[in-house]
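Remarks on the structure that follows.
The values are calculated or read from the model by the stated rules, or taken from the named source; none is laboratory data. Note that the structure is predicted; figures quoted are calculated from it, not measured. We place every Cβ from the backbone using ideal geometry, glycine too, and count neighbours over all the protein chains shown.
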Amino acid sequence: MIQVIRKRGSLDNIKKYFLNGFLCILDEAISKQFKRIFTLIILIFIVQNNSFYSQTPSYHHYNANDGLASSTVFQIIQDHDGFIWLATQNGVSRFDGKRFTTYTVKDGLNSNMITSLTLGMKGEIFFGNYEKGINVLINGKIKNYFNESNGKLDFITFLINVPTIKNKNRLLANTRGAYIHALEIDKSHKLSNKVINIELFTLNKIDTLLDGRTIALTNKGLYELKNDIPNKINFEENTNIEAFCLTNDVNGGFYVGSKGKIYYIKNNKIIAVHKINVGGNNEVSNVLRDKSGNLWFSVLNKGLYKIPSNSNEIINVGSKMYLQTTNVNHLFEDNEGNIWVGTYGKGVYCFTNFFLSSYIEEDGLSNNSIHSIVKDKSGKIFIGTYNGVNLFDKNKFEHIKKDPESPLTEYIHNIKVLNDVVYVAGGFPYYDKEKVNYKGIKFYFYNRPSFIRTKNGLNIFGTTGNQLRIHHNFFANKNTFDNLFIFGDSAFSNRINDLYEDTQNNIWVASTIGLCKLSNYRLIRNKANWDKTFFTSFQILKSRIRAIYQDKKNKIWFAGDLGVASYNLFNNSILEYKSIKGYDLSFSTSISSDKKGRIWIGTMRGLYLLDGNEIICLNSKTGLTTDEVLSLYYDEEKNIMYIGTSSGIFLLNIKKFDEFHHNPPEIKLVSIRAGDSIYTSAQDLVFEPDANNVYIEFAGLNFSSPGSVIYKYKLKNEWRETELNFLNFTSLKNGKYNIEIAAKAQNTSWSKPIIVSFTILPRFVETVWFLIIILSLFLSIVLLLVLWRIKYVSRKSKENLIITERINELKHQALSAMMNPHFIFNSLNSVQYLINNHRTEEANDYIAMMAKLIRKNLDTAGNGFILLSEEINRLKLYLDLEKLRFQERFSYEIISGEDVKIDSLLIPNMIIQPFVENSLWHGIINSGNKGLLTISFLFENIEIDSVISKSLIIKVTDNGIGIKQAKKNKNEDHISKGIQIVEERLKLLSTKMELPKPIILEDLSERNSNYHGTEVIISLSPPMYRDISIN
């Protein structure tokens, strides 16, 4: 990555002495006219030799140690996908910018000695074997195309494709000095081989022009092949050009490399001739006209050269790469404009980033560490290094000397050019200040890290002790100075790195512990003084500041350890930049700007160009040989940015840099490996279940800055970045995958992504059918378990129900049996009442009737249900007994609906009598009026749980005092035992049957205030009554 322009130390003097001496001899030996001829010859020799420079642009070098198949490269091409292919003596290598992939006889080549390459019309690549015919690469596989071993085409040195009118491949192959063979597939789909005869031992190469003509280059001129017949091209100037190589010019002409000359030919006329005299036989073996108009050429076994566009100057490009005695086999320009140079034994070189060139110690620098760069009015460049000062003038470096025998070797901090004087700040341990006149240039050296000469004539020196020393005379006694402390009022370790006076006469002081602004200069007691301003609220400005720069927009820029900052002189605003768009600006060392007003920032991580909201980075991945940028200087006249680094000085041609298009790398799929198979297609691949480990290799093709390429991929709607050019997915689940992959290089946007689509088939256990089977089995088992559980629960429920019913039945019978003692208790009370009132006859009748009633109770005591007719008869006996007791103070009536069949309906035993008794004793008797008791049996349709049910409604209605008044007359402790028993019995039945509460008590006065009495409603749903006629 080096540009070198070198002239041998005393070459000019040697030539001058040689010429003078030679002319003296001529004065005595030959005529004046003859002397003029020889003088002209010698002058031409000198001019020609003065045109040679050792200048080299940025480049990458690859050989066998980097993975290249061989360090001997015969030819280079670029395929339709953008990959670089290199024919070598040990196979073919494909290059993606980072990795070489090599193909040999193991991959299908007929031999490993591949001398030529050409592209087919459908993307095929044809390989010319030196010994064994031709191979072709189709769909990722190498096949034999032609292998003739009977002597017709044993040795192929050149191979081109000249398509037919129907755009079919037609290969022309030749061996130097022999015949041309035309190979194509004929109508019978067989390969035909036609021999085109040219004079034996004259053919050097075949090539094509932009207008489609095919040219044979021979030792006896150029021949155009028309219908496979060679026709010699005659030029008026020279019909027998010894032609070795050819390159096209975009203007319709072409260049031909010959012995000692390069001809430019257009319209069959020789337009111009470049004379070549670099040594050896001067045979121009390769020539290339690049897109920028530069003419690259090689001379057999004498290296590589370039003639810049619109120039006749010959630049020895190969000298820095030690190619002076190396044979260059091929020159090629890729799609990016990079120049590839294939050599014999030294690998391949890729020249790139032509906006950059560099100089290092081998070119004359005294040291590669460049800390300061300035230019004077005459165009001389002064360079401060770790080892003295260098003068760069007329493409030559000089190491400045203090005296003829003592070159400066001190560390140089800073250089300034003021009024034709070069001020050099450095580490000079043996003197404080010194004046040196070197070749008419005044140098002022001083042992301080920084210096400034103000507009009012003050000489201000920065020290390492937190102070400025102000001298009114540069060479005044070192003890006669004004002293100004920057931070505080005392000396301590604080180095003043840079000093700058802006357009408003402010002095800016960059120090180790931060920035200080000195303004409002004045003399106090004949001592220089300023107002100090510090910037403690800004992190960057209160840390180490290394350099200060003012741009054309009146902004002062500061480069420091934590980043860069700017100060606007118009409004005193400050902006700090620690990073911009992800680029870290810490450890900044220098700042400059170009004629477009763009800011260039040198850091220890590279060079950054700040252009509005955009930022561009240059570092070791994009053309520089190092990331450490130490100093910057912009030459507005030449539009060149000088970049001082730890690895030499770089010259950046800003015009070429701006013309360089930072296009994103083109992303290409290399291969997909799944299981034991390898695929080169990216769409709709289907993998077996066991091939679920998928390896995807891809390449972002960028040959100018291959080390800066990064990638991102999207899986499951999430982008992830990686520096690797492959993805390795293991144990992927079955399903369809669409993976997007994109690439970007430094200073480019992301490329358009490629999509890799594939499907991993499921194993049988992952298919829907397997899930259906498993689900069916599961559901079957669950169903069986549920059915078993239902049966089990049903059986248990039935068992429990039977037990519960039996218990409830026993409870019901027990409660029913409790009615008899209750009845007897009440009846005995009635008998006692009659006897006490001397109503003996009535007592006897009562006892007889009671005995009859008891008999009925005893007959039904063991029954839970009895016929409604029997219940009515028993009620009549009871009511007659009570009428006897109360001397006909009430009457009763029993009503049955027409649809109520009293002889076939079973109802719970003895559920009505307690309510009848309660109506009499607590309702009618207490009213003091003639009472009426009504008992009715009717069927009604009642909704129970949204189901209409035919229920037997039993109503016991009286015209007594009513519920409310009865409650007032009762003792608080009184309990109607009979009613409680009936309620409990019916609750048992209701709970068992899960029916609503069957008994309702209502005070008739709530319906109508003119009425009084009580109505008891007993609702028996079908489970609580039974119709034996149906059974």
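Would you confirm whether any residue within the stretch 446-459 is among the β-branched types (Val, Ile, Thr), surrounded by 15 or more Cβ atoms within 10 Å (Cβ to Cβ), in contact with a Leu (Cβ under 6 Å, 6 or more places away or on another chain) and over 21 Å from Ile373 (Cβ atoms)?
Narrowing the stretch 446-459 to residues among the β-branched types (Val, Ile, Thr): 452, 454.
After this cut, where a residue has to be surrounded by 15 or more Cβ atoms within 10 Å (Cβ to Cβ) as well, the list is 452, 454.
Remaining after also requiring in contact with a Leu (Cβ under 6 Å, 6 or more places away or on another chain): 452.
Those left that are additionally over 21 Å from Ile373 (Cβ atoms): none.
No: the stretch 446-459 contains no residue that is among the β-branched types (Val, Ile, Thr), surrounded by 15 or more Cβ atoms within 10 Å (Cβ to Cβ), in contact with a Leu (Cβ under 6 Å, 6 or more places away or on another chain) and over 21 Å from Ile373 (Cβ atoms).
Take the stretch 225-238 and flag every residue that is free of Cβ contacts under 8 Å to residues at least 40 places away in the same chain and surrounded by 13 or more Cβ atoms within 10 Å (Cβ to Cβ).
Start the filter on the stretch 225-238 by keeping residues that are free of Cβ contacts under 8 Å to residues at least 40 places away in the same chain, which leaves 226-227, 229-238.
Listed by number, the residues that qualify are Pro230, Lys232, Ile233, Phe235, Asn238.
Is it the case, given these coordinates, that Val278 is part of a loop (DSSP other than H, G, I, E, B) and touching a residue at least 40 places away in the same chain (Cβ under 8 Å)? Working first, answer last.
Working: part of a loop (DSSP other than H, G, I, E, B): yes; touching a residue at least 40 places away in the same chain (Cβ under 8 Å): yes.
Yes, satisfied.
In the stretch 175-201, which residue that is touching a strand residue (DSSP E or B) at 6+ places or on another chain (Cβ under 7 Å) and polar (S, T, N, Q) is farthest from Ile215 (Cα to Cα)?
So, considering only residues that are touching a strand residue (DSSP E or B) at 6+ places or on another chain (Cβ under 7 Å) and polar (S, T, N, Q), the one farthest from Ile215 (Cα to Cα) is Ser192.
Examine the stretch 648-659 for a residue that is part of a loop (DSSP other than H, G, I, E, B) and either buried (at least 17 other Cβ atoms within 10 Å of the Cβ) or free of Cβ contacts under 8 Å to residues at least 12 places away in the same chain (or both), and state whether such a residue exists. Outline the logic, then answer.
Going residue by residue through the stretch 648-659, those that are part of a loop (DSSP other than H, G, I, E, B) are none.
Looking for residues that are part of a loop (DSSP other than H, G, I, E, B) and either buried (at least 17 other Cβ atoms within 10 Å of the Cβ) or free of Cβ contacts under 8 Å to residues at least 12 places away in the same chain (or both), one finds none in the stretch 648-659, hence no.
Would you call Phe758 crowded, with 18+ Cβ neighbours inside 10 Å and not aliphatic (A, V, I, L, M)?
Yes: the conditions hold for Phe758.
Being in contact (Cβ under 8 Å) with a residue 40 or more places away in the chain, over 18 Å from Gly384 (Cβ atoms) and of a type in the set (A, V, I, L, M) is the filter here, so list the residues in the stretch 584-606 that pass it.
The answer is Ile599, Ile601.
Say we look at the stretch 996-1029 and pick out the residues that are in contact (Cβ under 8 Å) with a residue 60 or more places away in the chain and of a type in the set (A, V, I, L, M, F, W, C); which of these is nearest to Leu905 (Cα to Cα)?
Across the stretch 996-1029, the extreme among qualifying residues is Ile1028.
When you look at Phe397, is it at pLDDT below 95 and either farther than 22 Å from Ile460 by Cβ or not charged (D, E, K, R) (or both), yes or no? Outline the logic, then answer.
Details: at pLDDT below 95: yes; either farther than 22 Å from Ile460 by Cβ or not charged (D, E, K, R) (or both): yes.
Yes; evaluated as a whole, the condition is true for this residue.
Considering each of Ile262, Ile241, Ile206 in turn, give the residue that is buried (at least 17 other Cβ atoms within 10 Å of the Cβ), touching a strand residue (DSSP E or B) at 6+ places or on another chain (Cβ under 8 Å) and not in a strand (DSSP E or B). Break it down into steps so the answer makes sense when it comes.
On the way: Ile262 fails: not in a strand (DSSP E or B); Ile206 fails: not in a strand (DSSP E or B).
Answer to the check: Ile241.
Restricting to the stretch 318-354, name every residue that is more than 24 Å from Phe95 (Cα to Cα) and either surrounded by 24 or more Cβ atoms within 10 Å (Cβ to Cβ) or touching a Ser or Thr at 6+ places or on another chain (Cβ under 9 Å) (or both).
Selection gives Ser319, Lys320.
I'm checking my understanding of the structure. Among residues of the stretch 420-434 that are in a strand (DSSP E or B) and among the charged types (D, E, K, R), which one is farthest from Arg469 (Cα to Cα)? Break it down stepwise before answering.
Kept after step one, since they are in a strand (DSSP E or B), are these residues of the stretch 420-434: 421-426, 433-434.
Right, trim to among the charged types (D, E, K, R) and you get 433-434.
On the way: Lys433: 13, Glu434: 17 Å.
If we take residues in the stretch 420-434 being in a strand (DSSP E or B) and among the charged types (D, E, K, R), then Glu434 is farthest from Arg469 (Cα to Cα).
Residues to consider are Asn820, Asn857; find the one that is in the same structural domain as Leu905 (by TED's automatic domain parsing), assigned to a helix (DSSP H, G or I) and at pLDDT below 70.
Details: Asn857 fails: at pLDDT below 70.
Going through Asn820, Asn857 in turn, just one is in the same structural domain as Leu905 (by TED's automatic domain parsing), assigned to a helix (DSSP H, G or I) and at pLDDT below 70: Asn820.
Just for the stretch 102-152: of the residues that are modelled with pLDDT under 95 and among the aromatic types (Phe, Trp, Tyr), which one is farthest from Ile84 (Cα to Cα)?
Only one residue tops the list, namely Phe146.
Tally up the residues in the stretch 47-68 that are at pLDDT below 60 and either assigned to a helix (DSSP H, G or I) or in contact with an Asp or Glu (Cβ under 6 Å, 6 or more places away or on another chain) (or both), please.
Number satisfying all stated conditions: 5.
Output the residue which, of all residues in the stretch 84-101 that are assigned to a loop (DSSP other than H, G, I, E, B) and surrounded by fewer than 19 Cβ atoms within 10 Å (Cβ to Cβ), is modelled with the highest pLDDT.
So the first thing to find is which residues in the stretch 84-101 are assigned to a loop (DSSP other than H, G, I, E, B), and the list is 90, 96-99.
Imposing the further condition that a residue be surrounded by fewer than 19 Cβ atoms within 10 Å (Cβ to Cβ) reduces the set to 90, 98-99.
Working: Asn90: 96, Lys98: 91, Arg99: 93.
The extreme case among them is Asn90.
From the list Asn663, Asn692, Asn702, pick out the single residue that is more than 20 Å from Leu609 (Cα to Cα), among the polar types (S, T, N, Q) and touching an Asp or Glu at 6+ places or on another chain (Cβ under 9 Å). Steps first, answer last, please.
On the way: Asn663 fails: more than 20 Å from Leu609 (Cα to Cα); Asn692 fails: touching an Asp or Glu at 6+ places or on another chain (Cβ under 9 Å).
Matching residue, one of Asn663, Asn692, Asn702: Asn702.
Can you name every residue in the stretch 281-303 that is part of a strand (DSSP E or B) and either hydroxyl-bearing (Ser, Thr, Tyr) or modelled with pLDDT under 95 (or both)?
Pass one, the stretch 281-303, residues part of a strand (DSSP E or B): 283-289, 295-299.
Within the stretch 281-303, Ser285, Ser298 meet the criteria.
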